[in-house]
Amino acid sequence: MSPLIRTTLCLTLLLAGPAAAAAADATADQQQLKEVIKQVIRENPKLLYDTITQYHQELQAQQRQQQLENSFTNRIADQVAAHNPVKGPQDAAVTIITYTDFECPYCARGAHTAEQLLALYPEKTRLVFKNLPLDSHENALPAARAALAAQRQGKFWEYHDLLFQNSGQLADERLMALAGELGLDLARFNRDRQSGEIAAEVEADRKQAAAHNLSSTPTFVINGVVVTGAQPLPEFQRVVDRLLAEAAAKKKAP
C-alpha cells in the first residue's frame, strides 16, 4: 500500500468515526466498509483534496531536495567562453550560468529570478548567459543570433530584456524593430546576425549543453551545481548561500 493511499484511508477512518470502526471489524462485510468510505469522501471532498495536495507538495519538495544534493555531489565543469555575455563582477564568488531559449516562458521567469539574485548579492554573484534555443520553438534560434548581434554593439542585456517582453512575437521583422528601438546600426545588426561567426557561437553553447546532458530550459549551472527550471527565488538563495559558505570556509582553511 502506497503512503498516499495509507494516509487517505487513515483520514477516512478518522472522519467516519464509530461507523468505520464497526465496518473495519474483521467480521464486518467488506461492502459495508466500502460504502462507509464512499460516504466519507462525499461528505468531505475538500479535506481529502487538501490532504492529497499536501502529500504531493511534500513529495515534490523531497524530490527537489534529493536532486539538489545530487547536483552538489556531481558538479559539472562548465566553461565561460569569450562570446558569452556576462553581468556582475569578474571576481564574484558565485557564477550563475543560465542556458536560455527566448521563446520559453519559463526562461523569462528564470531571467527575472537571476536579476533578483544579482540584486541580493551584488558583489558576490555574476551572471553568464548561454543560448540553448530549442528545436520546438520556431523563432528561438533567430532570436539567439539577434541577441548576440546586439552584443556586438554593446546592447545585449537591453535586447535580451526586449526579447523576453516580446517572446510571443519574435518573427524576423520584430527582431529588426526591436533593434531599431535600441538605436542600433541596423545594417550592421542584420549583417552580424546572419554571420557564420555568430551562428558558430550559438552552436558552441548548444554543444556545451549537450556535453553535460542539459536539454531543457531554463537550466542554471551555479558554480557547477545544476538547477533546472524556473524555481522560486528561495530555492536559488539556498544554493547561493551554501556556495558562499563553502567559499568562506575555504578562505579560513590553513
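Summary table below
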quantity	calculated
Subset of the range 77-109 that is within 17 Å of the chain's Cα centre (by Cα) and assigned to a loop (DSSP other than H, G, I, E, B) - its residue that is surrounded by the most Cβ atoms within 10 Å (Cβ to Cβ)	Phe102
Set Ala149, Ala179, Ala187: member being at pLDDT 95 or above and within 22 Å of Val80 (Cβ to Cβ)	Ala149
Options Ala111, Ala81: the member that is closer than 25 Å to Arg242 by Cα and in contact with an Asp or Glu (Cβ under 9 Å, 6 or more places away or on another chain)	Ala111
Matching residues in the range 129-153 - criterion: being out of contact with any Leu (no Cβ under 7 Å at 6 or more places or on another chain), buried (at least 19 other Cβ atoms within 10 Å of the Cβ) and among the small types (Gly, Ala, Ser)	Ala144, Ala149
Unique match (being within 25 Å of Ser136 (Cβ to Cβ) and in a loop (DSSP other than H, G, I, E, B)) among Gln208, Gln153, Gln169	Gln169
Residues of the range 110-128 satisfying the condition of being part of a loop (DSSP other than H, G, I, E, B) and either of a type in the set (D, E, K, R) or buried (at least 20 other Cβ atoms within 10 Å of the Cβ) (or both)	Glu123, Lys124
Scan of the range 99-122 for residues that are touching a strand residue (DSSP E or B) at 6+ places or on another chain (Cβ under 9 Å) and over 17 Å from Glu158 (Cα atoms), ordered by number	Tyr99, Leu117, Tyr121
Complete set of residues in the range 212-254 that are of a type in the set (Gly, Ala, Ser) and under 10 Å from the mean Cα position of the chain (by Cα)	Ser216, Gly229, Ala230
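The values are calculated or read from the model by the stated rules, or taken from the named source; none is laboratory data. From a predicted model like this one, the values you see are computed outputs, not experimental measurements. Reconstructed Cβ throughout: ideal geometry from the backbone, glycine too, with neighbour counts over all protein chains shown.
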